[in-house]
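Structure first, then comments.
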Amino acid sequence: MLPVGLLIVVNTVSLYRQALNAVNIAYDRTLLASAKSIGEELDVVGYDELSELRVTVPYAALEAFEADNQSRIFYRVSSLKGEMVSGFGELPFWRGRIPTRSAYAALVDFYDDSFRGEAVRVAVLLQPVVSAQGRAMAVIQVAETLELRQTLARKILFDTLWRQALLVAVIALVAVVVVQRATRPVRRLSAELQARPEGDLTPIAAPDAPRELLPLVDATNQVMARLQHLLDHQKRFVRDASHQLRTPLAVLKTQVQSALRGDMEPREALVEINQTVARATLLANQMLALAKVEQLRQQADLQAIDLAQVVRSVALDVSPLIAEKDIDFEIQTVAAPVRAHEWMLGELTRNLLHNAIKHSPTGGTLAVRIVRDARHVALTISDSGPGITGELSDRLFQPFSAGNVRHGSGLGLAICREITQALDGSISLDNRQDHGHIAGLDATVRLPLVQNMG
């Protein structure tokens, strides 16, 4: 309505000025007709500077040119020098100039002036006068008061205003009706959302929503789906944490009570308590890592990171564990930029290396290779352990599904799977065969390669 209102204001001013200009032209023509009527009554004796103008114009002769009783007409007939011939001597003599371009076929000029304390509109006509006895030029001035013009101008203004006001009212009514009808589905959808119980993140069903609103509904449903996924993950995390931490805490309490009763030697009790605390610490750290993966999944600030540098850094960190078991370690890498968080790549590599070291026998072999093609990079960690059975391979990526519950929490491979899925990659575990026997396990991670970094 604001631009419509501004347009109507501009239009109203323009219409009023145009109408007023047309009124002035019409009444100016009336003044010119009055001046010409007076010119027809002129007579002259003598020629040019020696001429003498004569005229007899009764005021009643001008009443025919008065539009109504509101305005009054005054006239003055003078010579070019300003000498009064007839009319109202108080009317100031014209000192102007005839326009070079005029819309009238006469020597005429129009101007505004004041007469007897009233504003008047004056028409000036230079009228040649010729007779058998002489020749001269007369200056005929006809002045009209502005009451009628002002009255008509106000009438035009008021007529224009109420018509424009009616137009604004119609536009406003149509706009209100259209907006109300167009936003009815939106208001109904808003009411439904406000009436929803707390925690209800089911998709919005808006079959009658305007076509322009459907992208917003779809985007809202996507956001709500992500929120629902995040809430489900948090609920699952709290449930799993409470369940998994309850067991080591209960075991720890039992061991402490047994030590206090003297059921075992203090050193033996401390060893078992230390093992229980270590497993509980590992479990807590891995559950926090699993939660952090989900948190980073919601963020979009992934950066191009060289996987080879991260793998070499993690391999250096775990080198004491490799040396402790006297493992023959080999690493082959190539530059492999992937879009990820550095922590995610480090956690992925660390979990896979820990599993490989744990399952490799003392004096065994461990190889890390990075290869790439045009679109993907593959990280393969090959241990020399016993491999996995087909039944175990189906559930190793599930949380808390460790192959040996006494030496793991069952979260390492679950963390690896969550990280690879968050990075649009994949992970697989395959037994490596050697002459029909299992020679070890290959853990392979495939991730998309950053194309513009070569």
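Here is how the numbers come out for the structure above:
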item: Qualifying aspartates and glutamates (Cα of each under 20 Å from Cα of LYS155; at least 8 residues distant if same chain); result: ASP28, GLU66, ASP68, GLU144, GLU147
item: Total charge dipole magnitude, the chain, about the Cα centre, Cβ charges on Lys, Arg, Asp, Glu only, Debye to nearest 20; result: 660 debye
item: Electrostatic dipole magnitude of the stretch 301-453 [Cβ: Lys, Arg +1; Asp, Glu -1; Cα centre; debye, to 20]; result: 120 debye
item: Candidate lysines for bridging to LYS81, where Cα separation is under 27 Å - those fewer than 8 sequence places away on the same chain excluded; result: LYS36
item: Degrees, to the nearest 10: 307-317 long Cα axis against longest axis of the chain; result: 40 degrees
item: The stretch 2-155: translational diffusion in µm²/s, Stokes-Einstein, Kirkwood Rh over Cα pairs, 37 °C, 0.692 mPa s; result: 194 µm²/s
item: In degrees, nearest ten, helix 214-261 long axis to first principal axis of the chain (Cα); result: 30 degrees
item: For SER86, distant residues with modelled amide H under 5 Å away; result: VAL77
item: SER428-LEU173 pseudo-label distance in nm [points 7 Å out on the Cα-to-Cβ vector]; result: 7.4 nm
item: Candidate lysines - alpha carbon under 19 Å from LYS325, same-chain residues fewer than 8 apart omitted; result: LYS358
item: Identified option (computed Rg/Rh (Cα atoms, Kirkwood Rh); candidates (1) 1.57; (2) 0.95; (3) 1.02); result: (1)
item: Rg/Rg_ref, the stretch 70-192, where Rg_ref = 2.2 N^0.38 Å and atoms are Cα; result: 2.06
item: Sequence of LYS36, LYS155 once ranked by neighbouring C-beta atoms within 10 Å, starting from the fewest; result: LYS155, LYS36
item: Calculated on alpha-carbon atoms, Rg and Dmax of the stretch 300-348 in Å; result: 12.7, 42
item: Fraction of alpha-carbon pairs over 29 Å apart in the stretch 301-453 - percent; result: 14 percent
item: Overall Cα dimensions of the stretch 129-288, principal axis frame, Å, largest first; result: 158, 38, 24
item: Gap separating the Cα centres of the stretch 122-178 and the stretch 296-363, nearest whole Å; result: 93 Å
item: For the stretch 139-226, average projected area of the Cα convex hull in nm²; result: 11.7 nm²
item: Fewest-first ranking of TRP94, TRP162, using other Cβ atoms within 10 Å as the exposure measure; result: TRP162, TRP94
item: Fewest-first sequence of PHE74, PHE88 by Cβ atoms within 10 Å of each Cβ; result: PHE88, PHE74
item: Residues with amide H under 5 Å from that of ALA106, placed H, sequence gap 5 or more; result: none
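Every number in this text was worked out from the coordinates using simple rules, so none of it is lab data. Quick caveat, the model's predicted, so the values are computed rather than measured. Neighbour counts run over all protein chains shown; Cβ positions are idealised from the backbone, glycine included.
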